[in-house]
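Notes follow the structure.
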Amino acid sequence: MQSHSDIIIVGGGPVGATLALALADTPFSVQVLEAREDLSRAVYKRTLALSYGSRLILERLGIWAQLSDVTAINNIHISQRGGLGMSQLTATEENLPALGYVVDYGELDSALHAALSKSKASVVTGARVNSIRNSAGYAQVQVTQTDVPCSLTTRLAVVADGGAGQAQRVTQEYDQHALLATVTTELPHNGCAYERFTPEGPVALLPNQQGFALVWTGTPDRVAELLAMPEDEFLTALHTHFGDRVGQFLTVTGRTSFPLVLRYAQDTVASHQVLIGNAAQTLHPVAGQGFNLGLRDAWELAQAIRELGTNKEALGSRSMLQAFQSQRRTDTGSSIFFTDLLVRLFSNDHPILKHGRSLGLMALQYFPPARHMIARRMIFGARG
Ligand SMILES: Cc1cc2nc3c(=O)[nH]c(=O)nc-3n(C[C@H](O)[C@H](O)[C@H](O)COP(=O)(O)OP(=O)(O)OC[C@H]3O[C@@H](n4cnc5c(N)ncnc54)[C@H](O)[C@@H]3O)c2cc1C
């Protein structure tokens, strides 16, 4: 461990590792402190829906070509159960090779770490950060490695710990859990992702290799019941819940669940400190926006640092960090608003809202500019 680095990144998950790679060609020294002892063990066993915009970032870092487990999303089919109206976003209409991709979190994490091991950034594993304090022109980072505490200094501490740390964040419970699983179906996916809204919460099927990654949201009790169900009963329940668009559900594997919350920091910067990725905001997975937003945090922070040239004095300064925060505000704020609104508008059985939703979906389907605006927003973020 180095006692001083220009930049310390707390957390080597996909967002922290992306930032470290994006900084590899700057004149600043970068140290990543990662709590995991063994980087081959990913934090989560889950798929991630990446937008086409995220692919462009990963391509620039040379990571995209390293991923083998990638399924393209060519269309997104949006509907609501028990209500009229549906809409479809398509890659052809957006003139893109795909709207997004489904990738494996573990494979992406490993590819980023393999690239980092060849870069000039230093990665320290088994290093758990306990606190960060401001100290006259520096941040002081308290870290424990194999039970040995030590104190490091840096011009800029970037917290990318996925929200595990002490940062103050606004928390809003949804009283919903997400059940994740892999399913196979009677009909092939043909690159189509399905987003279906039901009064109990959204259900998403993302094309993943030969089957689908399932994200089924419901009350905590309902999700507990679904987790405990025998396979055939579960597949029938899913068919009843989702409908007939992909025919019968044939198999299910790897059922697991998460409580869903919205958490975000109102202030993502402090003296010599900045929060990015899930440490700054944890979103409901309804529109698969969380990691894409975190990746844009990392990419834009790297650009803000690059603009400093060799000026170490400016690194972590109040003016630099406040400029970064205001630059990110629209993208972050609108992603939080959009995701939260979707959950609130669509997860209920209110008759007036139901008709409003039908009209909204029909308008989306028959008014291409609205569709185009939503698709661009999801793919590239608020700054387009
Ligand atoms: C059910 C579900 C489905 C999702 N699906 C999608 C999706 O389809 N698309 C999408 O874009 N997003 C999705 N997300 C969100 C996505 O998983 C997160 O946005 C992403 O994992 C955030 O990456 P991160 O690097 O910020 O944090 P993490 O992936 O949590 O990584 C944080 C890292 O920090 C390390 N760490 C933690 N504490 C410390 C410490 N004190 N000191 C040192 N290191 C530490 C951890 O070991 C870890 O390596 C989903 C989330 C959920 C819950």
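FRET efficiency for Arg329 and Gln142, Cβ-Cβ distance as r, R0 = 30 Å, nearest 0.05?
The computed FRET efficiency comes out at 0.50.
For segment 174-261, a Kirkwood hydrodynamic radius built from all Cα pairs, placed in the Stokes-Einstein relation at 10 °C and 1.306 mPa s, yields a translational diffusion coefficient of 124 µm²/s. A 1.4 Å probe run over the protein chains yields, for segment 174-261, 42 Å² of accessible area per residue, whole-number rounding. Taking 0.36 nm per residue of separation and subtracting the current Cα-Cα distance, fully stretching the chain between Ser358 and Asn190 would add 57.9 nm. Of the accessible area of segment 174-261, computed with a 1.4 Å probe over protein heavy atoms only, carbon and sulfur atoms account for 53 percent. For segment 136-165, the residues whose amide N sits under 17 Å from a probe point set 7 Å from the Cα of Asp38 along the beta carbon direction are 146. Computed over the chain, the range of Cα coordinates on each principal axis works out to 60, 44, 37 Å, biggest value leading. Grab the DSSP H runs of the chain that are 4 residues or longer, score each as -39,500 (n - 2.57), total them, divide by all residues and round the 222 nm result to the nearest 500 deg cm²/dmol. Rounded to the nearest 500, it is -11000 deg cm²/dmol. So for the chain, taking the charge dipole from beta-carbon charges (+1 Lys/Arg, -1 Asp/Glu), which of Leu116, Phe197, Thr219 sits furthest toward the positive end? It is Leu116. Relative contact order for segment 102-230: 17 percent, from Cα pairs under 8 Å spaced at least 6 residues apart, divided by residue count. Short-range pairs are left out: with C-alpha atoms under 8 Å and at least six residues apart, the relative contact order of the chain is 22 percent.
Legend: calculated FRET efficiency, Leu345 to Leu56, from the Cβ-Cβ distance at R0 = 22 Å, rounded to 0.05, equals 0.15. Take every pair of alpha-carbon atoms less than 8 Å apart whose residues are at least six positions apart; their mean separation over the length of segment 265-318 yields a relative contact order of 38 percent.
Using the Cβ-Cβ distance between Cys150 and Thr171 with R0 = 35 Å, the FRET efficiency computed as 1/(1 + (r/R0)^6) comes to roughly 0.65. Net charge dipole, the chain: roughly 980 debye, given to the nearest 20, about the Cα centre with Cβ charges of +1 for Lys and Arg and -1 for Asp and Glu.
The values are calculated or read from the model by the stated rules, or taken from the named source; none is laboratory data. What you see is a predicted model; the values in this text were computed from it and never measured. Cβ sites come from the backbone with ideal geometry, for glycine too, and all protein chains shown count toward neighbours. Remember, those area values only see protein heavy atoms, side chains included, never the ligands or the DNA or RNA. Shrake-Rupley method; radii C 1.70, N 1.55, O 1.52, S 1.80 Å.
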